[in-house]
Each structure stands twice: as structure tokens, then as C-alpha cells.
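Asks: Next up is a structure, given as C-alpha cells.
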Amino acid sequence: MTRTRTLLLLIALAFTVTASAAQAKPIRRAGWLRSVTVTEYYPAPEWWFVGKKVQTPGLDRLSRIDWLYSSTGMSMEGDGIGLDGDRYHIAGLGSGGWVTERGKPSVPGHRGWKGGSPFWRAGGYWLSSDKYVTFPLDGGGWSNGPGRRYRELPGVSFGEGPSRPLKYYRSVAVDPDLIPLGSKVYIAAYQTSAGGGWFTAEDVGGAIIGRHVDVYRTPPARADIGGSHLQDQRIYVQPPGTRAARNSPPKSSGKGTATPSPPVPQPPATLSDPSGGAGAP
């Protein structure tokens, strides 16, 4: 799951998750945490998307509309890689949260998304005649039938560069109401990754609630590969300023035993011009 990964995202959705967040108790001492869901996120490459190029709020560029607002684009991931190979991020979320493919509210919680899976930001899209979310395609036509009514998304904006100085396979997004930011987190399933299984809790996300951590990784080679989704994991958490527990996992040796991070995919040469297209109708 943006999923966006900035503190702004947590604030924007706070009214929807207040009750759920209240169930979490902040970890005060180092130790193991059970029944954790581990997912992955990464900056979304614009060349994976097919939407028409439209004006990008906050930036002097045209961007594919589904890269900006869909649940697999920058609005959810928080960061993206443009057709020009540069980094971008969502700076202001606007209002409204998320909607399903039918334009109905989709709200994150401890047990997943209430109302159905998120499909689009609650604005920046059209509804078709049969009330499905639809958007214009870069090559002409529409994704799910011609749009009849446009839903605006006031207040949304994007910025240049990454949202935070995160490191691939070394940073993790957490629910700060449970795992304090700055904590050291060990995930055994990643012990051969660049960080040797050790991460720093450096990010948050509106859909990261309770016993759920999101590993920051390089984008897969293709959009259809996706990221890992592990359930019922046992992870180790050491909050900042605390001593390691007696049964803590070994620290990474730093002697090259871990696998280096995969390279970041680059935009195909045929897609490297982000200036074409037209504004949203």
C-alpha cells in the first residue's frame, strides 16, 4: 500500500482512524512484536501509468493523471519517479481521503480498508454514466467509459525531489502510535537485504496502522511484479534511547554479507519526454 508516506497523510486521514489508533500502545522497551504485517513501498515510476498528461498542481510540468491520483501512484506511495527520471513527491493531500472504483469512501483501519479497496484519491477523477471512476488515457479514450462528471480535489499539490531522505531497504514506515519514529526495527525475512534485516523507523502513512510496517525498497522491474506482503511476522523493535533486549537479534556486521539493493529502474528512452499532452478537460 502511497500509499502517501508523509506526516501530512497521517494528519489528513486522522479523523478516519482516531478510534483505531487509540487501540495502539507505544512501545517503550526493546523487544519482539508478534502478529505483524510487513508490506513494501517505493517511488512510483510514471512510465508504468497510462493516463493523459495533465497539469501538476504545484509544478510546472504535465504528468499522467493516474500517476498523480490513483492508489498505485504518488498519492498513495508518497513519492515517484517522473518520465524525465527526476524524483517528485506529493506535498499537499487536499481533502477527502480515498474512494473505491465506484467512487465510494474507502477508509483504512486495523483490519484493512473499510468500504472496499482504495482506487483513487477522493477527487481529481471523473464518474462515468454508470458511476464508475474513470480517467482519460494518454493515447485517447477513457479507462472505464467516458467521463460525465468531474470531481475536483482542492488543495492537492506536488513538489520536486523526494519527500524524505529515506534509504532503500534501510528505512521503514510505521504507525508512530505503536512504534516510535527513530526506532531500530529488525525483520528476519530481510536479513539478506542491504541492511541485513535492520531498518530505521523513518516514515509514516495513513494506511500504516497498528502492527503493520512498510519496507522502503527500490521499484520492481515491472509494475506487474508488485511487492512482498507478509503476515503474522515476528519483528524486533528497539525504541530510541533504550537498551537492547537480552534476546535481541545480532547487529548487521557491515562486512558485505547482505545483498546490495537492486538498481532503480530508469525510464525507457521513448518515454523520456514529459512535456507532451494537454491539460485536463
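Asks: Looking at segment 146-161 only, could you name the residues that are crowded, with 16+ Cβ neighbours inside 10 Å and part of a loop (DSSP other than H, G, I, E, B)?
Replies: Leu153
Asks: Separate question: If Ser95 passes every condition in (1) over 27 Å from Gly227 (Cα atoms); (2) in a strand (DSSP E or B); (3) within 19 Å of the chain's Cα centre (by Cα) but one, which one does it miss?
Replies: (2)
Asks: Run down Val237, Val213 and say which single residue is within 28 Å of Trp48 (Cβ to Cβ) and of a type outside the set (Phe, Trp, Tyr). Give the steps one after another, and end with the answer.
Replies: Working: Val237 fails: within 28 Å of Trp48 (Cβ to Cβ).
After applying the criteria, what remains is Val213.
Asks: Taking the condition of being open to solvent by less than 50 Å² (accessible area, probe 1.4 Å) and modelled with pLDDT of 90 or more, how many residues in segment 77-114 meet it?
Replies: Taking segment 77-114 and keeping what is open to solvent by less than 50 Å² (accessible area, probe 1.4 Å), we get 77-83, 85, 88-94, 97-100, 103, 106-109, 112.
Subset that is modelled with pLDDT of 90 or more: 77-83, 85, 88-92, 97-100, 103, 106-107.
Counting residues in segment 77-114 that are open to solvent by less than 50 Å² (accessible area, probe 1.4 Å) and modelled with pLDDT of 90 or more gives 20.
Asks: If you don't mind, another one. With Ile209, Ile187, Ile179 as the choices, which residue is in contact with a helix residue (DSSP H, G or I) (Cβ under 6 Å, 6 or more places away or on another chain) and either among the basic types (Lys, Arg) or farther than 22 Å from Asp86 by Cβ (or both)? First the steps, then the outcome.
Replies: Working: Ile187 fails: in contact with a helix residue (DSSP H, G or I) (Cβ under 6 Å, 6 or more places away or on another chain); Ile179 fails: in contact with a helix residue (DSSP H, G or I) (Cβ under 6 Å, 6 or more places away or on another chain).
Sole residue among the options that is in contact with a helix residue (DSSP H, G or I) (Cβ under 6 Å, 6 or more places away or on another chain) and either among the basic types (Lys, Arg) or farther than 22 Å from Asp86 by Cβ (or both): Ile209.
Asks: Restricted to segment 116-142, and to residues that are under 15 Å from Val50 (Cα atoms) and out of contact with any strand residue (DSSP E or B) (no Cβ under 8 Å at 6 or more places or on another chain), which residue is most open to solvent (accessible area, probe 1.4 Å)?
Replies: So, considering only residues that are under 15 Å from Val50 (Cα atoms) and out of contact with any strand residue (DSSP E or B) (no Cβ under 8 Å at 6 or more places or on another chain), the one most open to solvent (accessible area, probe 1.4 Å) is Gly139.
The values are calculated or read from the model by the stated rules, or taken from the named source; none is laboratory data. No experiment lies behind these values; they were computed from the predicted model shown. Please note: Cβ atoms are built from the backbone with ideal geometry, for glycine as well, and neighbour counts cover all protein chains shown. Quick note on the areas: whole protein, heavy atoms, side chains included, nothing else; ligands and nucleic acids left out. Shrake-Rupley method; radii C 1.70, N 1.55, O 1.52, S 1.80 Å.
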